[in-house]
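Shown next, in structure tokens, is the structure this report addresses.
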Amino acid sequence: MTKLYQNIVILTGAGISAESGLATFRSSNGLWNNHRVEDVASVEGFERNPELVHSFYNDLKVEIQKAEPNPAHLAITKLQNEYPAEISVITQNVDTLHEKAGNKNIYHIHGQINQAVCLNCGHILETFGDVDTETVCARCGVAGMMKPNIVFFGENLLCMDKVETLLRNCDLFVSIGTSGVVFPAAAFVQTAKYYGADTIEFTLEPTSNNFYFDRHVYGPAGKTLPPYVDELIKSASKS
Ligand code: APR
């Protein structure tokens, strides 16, 4: 008999978008195999060569815009619609597939590809179009101060105050498609476990966080997550 949960936190990484055709970061053909993190995902890299960084994310936007949610994203929507609990999605992904799938309560802790932030006035520009060193801020009118609204290594994560509360209050922590090597997201499972949550991991192979998960489901999340969601919904209908 599966327990009835009240507050579920789902943490996602690049692996949940893999079956939508988007590259992960650390697999054999991962993004970090073809680009140096220091060049395209660090504050120093952006200061050194903003044109390179803008073109990296402009190219990524084209890929992401073409991608469609897969059964794993859709299973989260089904869980949020049919399971009687507060269910939040904390994602490390900058793609918008959770939104496209109809997920709710989404927290992009590493930012979003379809946003740029003005370093002069803080205005957030929402666009899938190209942003570059000529782009003029719609609010302050200054050109060349737009930065992709992506959290670079060395920058603080977004939504962390809300995330801390969610992790402390959850009774089920579900990790999907993340290698568990980038902190602080990699430590979320430890916090959830410390505060008493059951923990389950959906990934292709054992990750660095193996020890903190009560259960491991190995395989493509598009195949492994829907049956798990159906099992949770069924058990809720019986209680
Ligand atoms: N289904 C489930 N899991 C999958 C699938 C799939 N179809 N495909 C890959 N995975 C798993 C891999 O086994 C791996 O554990 O997804 C994980 C992807 O790991 P990474 O490529 O390291 O991506 P992620 O964990 O999201 O990286 C975290 O690192 O560079 C930063 O900001 C970047 O948000 C990113 C963060």
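Cα gyration tensor of segment 26-67, axes a ≥ b ≥ c as square roots of the eigenvalues: rounded (a/c below 1.5), prolate (a/b > b/c) or oblate? Cα axes put segment 26-67 in the oblate bin. Please report, as a whole percent, how much of the solvent-accessible surface of segment 1-50 comes from carbon and sulfur atoms (probe radius 1.4 Å). For segment 1-50, the apolar C and S fraction of the accessible surface comes to 50 percent.
Determine, from the Cβ-Cβ distance of GLU205 and ASN58 and an R0 of 35 Å, the FRET efficiency 1/(1 + (r/R0)^6), rounded to the nearest 0.05. That pair, GLU205 with ASN58, gives E of 0.60. The mean sequence distance of close C-alpha pairs (under 8 Å, at least 6 residues apart), as a share of the length of the chain, puts its relative contact order at 23 percent. In the chain, the DSSP-assigned H stretches of four residues or longer account for a calculated mean residue ellipticity at 222 nm of -9500 deg cm²/dmol, using -39500 (n - 2.57) per stretch and the full residue count as denominator.
Which part of segment 1-42 falls in the paramagnetic zone of SER235, meaning amide N under 17 Å from the point 7 Å along Cα-to-beta-carbon? Those under the cut-off are 1-10. Once both labels are positioned 7 Å from their Cα atoms along Cα-to-Cβ, the gap between TYR218 and ASP39 label points is 3.4 nm.
Would you please classify the overall shape of segment 156-213 from the alpha carbon gyration tensor, given that a ≥ b ≥ c denote the square roots of the eigenvalues, rounded means a/c under 1.5, and beyond that prolate means a/b larger than b/c while oblate covers the rest? Judged from the Cα gyration tensor, segment 156-213 comes out oblate (a/c at least 1.5, b/c at or above a/b).
Which of the three applies to segment 187-239, rounded, prolate or oblate, going by the alpha-carbon gyration tensor with a ≥ b ≥ c and a/c under 1.5 meaning rounded? Since a/c reaches 1.5 but b/c is at least a/b, the shape of segment 187-239 is classed as oblate.
Take the Cβ-Cβ distance between LYS162 and LEU119 as r, set R0 to 35 Å, and report the resulting FRET efficiency rounded to the nearest 0.05. Don't skip to the end; give the middle numbers.
Working: r = 24 Å, r/R0 = 0.69.
The formula returns an efficiency of 0.90 here.
Taking the chain as the region of interest, the number of lysine pairs whose Cα atoms are within less than 17 Å, with members eight or more places apart or on different chains, is 11.
Pop the C-beta distance of VAL181 and ARG139 into the FRET formula with R0 = 25 Å and round what comes out to the nearest 0.05.
Numbers: r = 37 Å, r/R0 = 1.48.
With R0 = 25 Å, the Cβ-Cβ based efficiency is 0.10.
Only protein heavy atoms count here; on that basis, with a 1.4 Å probe, ARG26 has an accessible area of about 120 Å².
The values are calculated or read from the model by the stated rules, or taken from the named source; none is laboratory data. Please read all numbers here as calculations on a predicted model, not as lab measurements. FYI the Cβ positions are ideal-geometry reconstructions off the backbone, even for glycines, and counts take in every protein chain you see. Note: accessible area is taken over every heavy atom of the protein model, side chains too, but ligands, DNA and RNA are not part of it. Shrake-Rupley method; radii C 1.70, N 1.55, O 1.52, S 1.80 Å.
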